[in-house]
1. Determine whether residue 191 is free of Cβ contacts under 8 Å to residues at least 24 places away in the same chain, over 24 Å from the mean Cα position of the chain (by Cα) and away from the ligand (no atom under 16 Å from the Cβ).
2. I need a count of the residues in the range 1-34 that are of a type outside the set (Asp, Glu) and either at pLDDT below 75 or not in a strand (DSSP E or B) (or both).
3. Among 305, 287, 363, 271, which is in contact with a Pro (Cβ under 6 Å, 6 or more places away or on another chain) and not acidic (Asp, Glu)?
4. Is the range 296-316 home to any residue that is under 12 Å from residue 131 (Cα atoms), over 14 Å from the mean Cα position of the chain (by Cα) and surrounded by fewer than 20 Cβ atoms within 10 Å (Cβ to Cβ)?
5. Looking at 242, 290, which is the one that is in contact with a strand residue (DSSP E or B) (Cβ under 8 Å, 6 or more places away or on another chain), among the aliphatic types (A, V, I, L, M) and within 29 Å of residue 186 (Cα to Cα)?
6. In contact with a Gly (Cβ under 9 Å, 6 or more places away or on another chain) and in a helix (DSSP H, G or I): does that describe residue 155?
7. Taking the criterion of being among the hydroxyl-bearing types (Ser, Thr, Tyr), surrounded by 22 or more Cβ atoms within 10 Å (Cβ to Cβ) and within 29 Å of residue 347 (Cβ to Cβ), would at least one residue in the range 53-70 satisfy it?
8. If I go through the range 194-205 residue by residue, how many of them are away from the ligand (no atom under 16 Å from the Cβ) and touching a helix residue (DSSP H, G or I) at 6+ places or on another chain (Cβ under 7 Å)?
Amino acid sequence: MSKIKRILVQSYHYQIDDFGPNMGTYIPDVPAAFDKWVVTIETDDGISGSYAPHFGATGHALAQVNAMAPGLIGQDAEAREQIFERLKMNFRHFDKVGIAALDTALWDIAGKKYGASIATLLGGYRDKLPVYASTTSGQRRPGGLDSPGKYAEFAATCADHGIPAFKIHSFFDGNAKTEIDIMTAVKNRVGDDMKLMTDPASSLKSFMDAVEVGRACDDLGFYWYEDPYRDASSSAVAHKRLRDFIKTPLLIAEHIRGFEQKADFVLAGGTDIMHIDPELDGGITGTMRLAHFCDAIGMEVQLHTAGPMHRHCMAAIPNTIFYELALINPDRYWNAMQPPIYADDYGDRVDCVDSDGCVPVPTGPGLGVEYDWEKINAWTTSQTVFE
Ligand SMILES: [Mg+2]
């Protein structure tokens, strides 16, 4: 048995250039500052596993990790299901997003112990992942995605890189016309060369706006329609009603937390495709449970955003379609969510996609990526040790 001996949680701070104070806005020479964190679990037989979340590295997830970590000391590092169940019960009053990083670090330990990648431990299904380009939001300020034409141009650039699908994150101004103008410009530019999707990210102001944009999705042959309006995709009944008005498949549940709640949302008819965020929905253990549940009822899942753990999960999930290359922008093909903490060539950018429109699954033990600890340690602003 590998017993959990010590857990280190490090917060770190970094900046990226030219991205402005708002993450989705391209402003030359104005840096954006980020605070993220990484968790490392060590065992009594000398194995160490880490996970540094990207999108999920929020302050409230960090608070949960710090609250959950003491209960893991002395536990069997390979009893991931038992730890998942205990954390789910002990934190049942909360959204439980802290489980993910701890669970993923435990999977990293297992991979290192057995000299196998997490994808291999999960049972490999594929070793290359077809991607879709997922844009940052647009902006009224010049630069970046500042017009429907810029979106169309960027879609064509992504198509030239062999990327088979493109998802719009619009200006998020709650304007159905803007949404439809961008969709139309992109469709007119790339035609049937790419599968197209749109994600208003709950910005549309009314249900009828959601119907209007949904009908445009139908007319333009969009592949899926995601989180349309201001209920924040929380009502299964509302989306079941929306499905009655439109033909385009809905991708919902990005904002629903909980294994059981997400299953309920599906069974209540709230979505055509299930959206799972591995960094928010219980890590690798929670993600695989949900994916298999959906497979049993003939439903595909999409994993939200990008990262090494997402790649390992997707490699072992038959019922999923695309890997979300999120969030990218034409100015530098950036991924605004990926912290620059890798010492190897891991990346979620346009130039990381191969000529078949795919990214690889890391093959090394555990997560199979190498963190740049020198950089992380230099950027560390605070740390907590549990032992
Ligand atoms: Mg979304």
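1. In short, yes.
2. 14
3. Only one candidate passes the filter, namely 287.
4. No, the range 296-316 has no match at all.
5. Going through 242, 290 in turn, the sole match is 242.
6. No: the conditions fail for residue 155.
7. No, every residue in the range 53-70 fails to be among the hydroxyl-bearing types (Ser, Thr, Tyr), surrounded by 22 or more Cβ atoms within 10 Å (Cβ to Cβ) and within 29 Å of residue 347 (Cβ to Cβ).
8. Residues flagged as away from the ligand (no atom under 16 Å from the Cβ) and touching a helix residue (DSSP H, G or I) at 6+ places or on another chain (Cβ under 7 Å) within the range 194-205 amount to 1.
The values are calculated or read from the model by the stated rules, or taken from the named source; none is laboratory data. Bear in mind that the values here come from a model prediction, so they are computed numbers and not experimental data. Note: ideal-geometry Cβ built from the backbone for every residue, glycine included; neighbour counts use all protein chains shown.
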